[in-house]
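Chemist: Below is the structure I would like to discuss, written out as structure tokens.
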Amino acid sequence: MVIEACQPYCAPWMVLVRKLFERLLSAWMDTGTADPASRNAIDPPDRAVLEGVRREDPDALGAFFEHYFDSVYALTYRLLGNRAKAEDATQDIFCKLQRAATKLDPDRDPTPWVTTITLNACRSLWRSAAHRMDVRSSSLESDSGAPIDVISQSPNPEEAREAAEREKLVQTALMDLPDSLRTVVVLHDYQGLNHKEIASLLEMGHDAIRKRYSRALAELADKLRGVWE
Amino acid sequence: MNPSDRDKLSAAETRARDAVRTLGRPLAHSAFRERLKREFVSGTVPELARLPVEHPVPWYRRFGLLSLGAAAAAAAVLVIALLGQGPRWELGEPIPGGALVMNDIEIPLGDAHAVNRYLKAGVRVARDDSTMINLVSPERMVVQLAPYSEVVLPSLRGREMRAQVTRGEVRFSTGPEFAGSRLLIDTEIARVELLGSTIAVITGDVGTCVCVYDGSVPIGPLDGELVSVPVGKRKILHKDGRPDLIEDLEPMERMKLQMLQDAAFPGAD
């Protein structure tokens with residue numbers, strides 16, 4: 001906007017600078033950075049905690065658990081759409097974390113590693129015959145349709161109830177997406193990861209992730225159309 | 001189309017995106033959380049029972065499996081068809097006149113194709129004419145029906161076979177393919193166990209006479225013990241309860257059996 005206001009007074013080479021700036025801006029946007037306000041992204045725990053985890057110090061393990069539990073549980077819930085399955089997956093994830101605790105590198109942020117383990121746990125559940133049978137019989141004892149206990153942002157009970165209703169509908173629509181599309185949209189818009197980070201987590205190309213995200217959003221919009229009307 | 005155009009969202013997409021962004025954080029049951037924390041801190045998180053993994057089958061492999069299934073089905077049909085053409089009964093020599101009665105249906109002997117179609121295991125074959133005929137399973141067995149005789153043909157599959165001589169004179173001669181098999185021949189009162197030989201089974205009003213031209217043949221009453229009858233002998237079992245009789249083969253019968261064996265399996269001992 002500033003550039004546009006100045007344009008009449010600038011020399012023609014400034015147009016080139018503007019184009020360059022726009023290209024940089026577009027490239028930055030192309031990483032698919034989500035709105036920071038919506039992020040559930042997690043900062044790494046303190047180095048002391050990570051070192052303690054390596055030594056299997058109970059206090060450090062407790063702190064590590066508190067640091068990641070909510071995020072892991074929330075992500076599994078959003079991907080699996082079911083409390084029982086989310087609990088199973090969370091237990092599986094912490095079982096794996098517990099086994100690998102001594103190999104933790106305190107110099108590196110363990111969050112991507114934790115997210116990878118979370119995704120793998122969800123994927124192995126999706127691949128399980130039991131899950132497929134659930135989906136086929138569409139009797140997903142889905143508490144995706146039942147009220148979910150969420151951290152309410154609103155002090156007004158009426159607003160909180162409406163928000164809970166909306167949550168249900170959105171979660172149901174998410175569960176209607178194919179697993180691969182749901183993963184990308186949840187990681188991007190719920191978990192707050194950008195396309196590059198998702199590409200790295202899923203070991204896919206950046207472009208492929210962006211296309212998948214566009215498709216996921218289009219399908220989700222289609223499924224939610226009735227909700228807005 | 002530059003990247004920013006491509007990422008431009010419609011109003012509905014923007015709403016959908018914002019809806020996901022504003023989803024709350026689901027709370028786990030406190031009991032679950034506490035238990036898992038306790039187990040994690042003490043290093044005792046139990047491993048879940050592994051769920052059986054069902055790997056998705058890609059479309060091309062699905063297509064491959066379908067083709068494979070179709071090929072397997074075709075192969076099975078082919079095998080069954082080939083098996084259906086395995087050992088079977090056929091008329092020995094074409095005979096211009098007369099007929100065979102098979103399961104009470106009269107088939108002219110001149111129509112060899114029709115005769116061969118009806119000649120199957122378990123079929124009751126009767127010859128109500130004055131000439132002998134041979135029913136042949138190549139390399140396996142020849143069944144010779146004398147005039148006014150009737151036999152139920154044995155199956156040719158497996159190693160255990162059963163036949164019945166219901167009237168008249170029927171001669172059996174086995175070939176090299178019969179080796180290792182056993183044919184039980186029943187008459188009204190007797191049972192004969194054929195393990196590889198040439199015999200005649202003659203039934204009449206008196207009883208059953210079994211003539212052994214080759215090999216040793218166990219013979220006995222239907223519900224009694226079978227006793228081996230040696231080469232060149234015949235055994236007569238009476239209907240009226242008189243004791244069984246074992247005596248030498250009659251020269252005429254010996255000649256008939258020899259002719260049958262020589263014609264059917266030349267070179268056999």
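Chemist: Starting from the Kirkwood Rh over alpha-carbon pairs, what translational D in µm² s⁻¹ does segment B:63-212 have by Stokes-Einstein at 10 °C and 1.306 mPa s?
Modeler: 96 µm²/s
Chemist: Quick one: check the C-alpha center-to-center distance for segment B:121-145 versus segment A:90-121, whole angstrom.
Modeler: Using only Cα atoms, the two centres lie 82 Å from each other.
Chemist: Can I ask one more? Provide, for q = 0.20 Å⁻¹, the log10 of I(q)/I(0) from a solvent-free Debye sum over equal Cα point scatterers in segment A:174-223.
Modeler: -0.57
Chemist: If you don't mind, another one. Taking beta carbons within 10 Å but only from partner chains, what does the mean come to for residues B:32-41?
Modeler: For peptide B:32-41, the averaged partner shielding equals 6.
Chemist: For chain B, what is the relative contact order in percent, using Cα pairs closer than 8 Å and at least 6 residues apart in sequence?
Modeler: Over chain B, the number comes to 9 percent.
Chemist: Need one number: the % of Cα-Cα pairs in segment B:152-203 sitting beyond the 13 Å mark.
Modeler: Considering segment B:152-203, 54 percent of its Cα-Cα pairs are separated by more than 13 Å.
Chemist: Follow-up. How large is ³J(HN,Hα), in whole Hz, for each residue of segment A:174-183 in order, when computed from phi with the Karplus curve 6.51 cos²θ - 1.76 cosθ + 1.60 and θ = phi - 60°, using x for Gly and Pro?
Modeler: Residue by residue, segment A:174-183 yields 4, 5, 6, 6, x, 3, 5, 6, 4, 4 Hz.
Chemist: Sort A:103, B:256, A:211, B:8 so that the residue with the fewest other Cβ atoms within 10 Å of its own Cβ comes first and the one with the most comes last.
Modeler: The fewest-first ordering by Cβ neighbours comes to A:103, B:8, A:211, B:256.
Chemist: Using a 10 Å cut-off around each Cβ, can you sort B:89, A:126 from fewest to most neighbouring Cβ atoms?
Modeler: Numbers: B:89 24, A:126 21.
Placing the least packed residue first, the sequence is A:126, B:89.
Chemist: Among the listed pairs B:120/B:235; A:85/A:223; A:85/B:37, give every one whose C-alpha distance is greater than 27 Å.
Modeler: Over 27 Å Cα-Cα: B:120/B:235.
Chemist: If you don't mind, there's one more thing I want to ask. Assuming 0.692 mPa s and 37 °C, estimate D for segment B:197-253 with Stokes-Einstein, Rh taken as the Kirkwood radius over Cα pairs, in µm²/s. Provide the component values of the computation, followed by the final result.
Modeler: Numbers: Rh = 11.4 Å.
For the chosen part, D equals 289 µm²/s.
Chemist: As a footprinting exposure proxy, order B:184, A:119 by other Cβ within 10 Å, with the fewest listed first.
Modeler: B:184, A:119
Chemist: Across chain B, what fraction of all alpha-carbon pairs, as a whole percent, falls in each successive 5 Å bin from zero upward?
Modeler: Answer for chain B: a P(r) of 1, 5, 9, 12, 11, 9, 7, 4, 3, 3, 3, 3, 3, 2, 2, 3, 4, 5, 5, 3, 2, 1, 0 percent.
Chemist: Still on this structure, I have one more. Which angle from 0 to 90°, rounded to the nearest 10, does the C-alpha axis of helix B:59-84 make with the longest principal axis of chain B?
Modeler: Taking the Cα atoms of chain B, the angle to B:59-84 is about 10 degrees.
Chemist: Separate question: Where does the longest stretch of chain B lie that holds no GluC sites (Glu not before Pro) found in a DSSP loop with 15 or fewer other Cβ atoms within 10 Å? Intermediate values should be presented prior to the final figure.
Modeler: Values: sites that count: B:47, B:54, B:139, B:188, B:225.
That would be B:55-138.
Just so you know, all these numbers are worked out from the coordinates, no wet-lab data involved. Please read all numbers here as calculations on a predicted model, not as lab measurements. Here the Cβ is made from the backbone with ideal geometry for all residues, glycine too, and neighbour counts use every protein chain on show.
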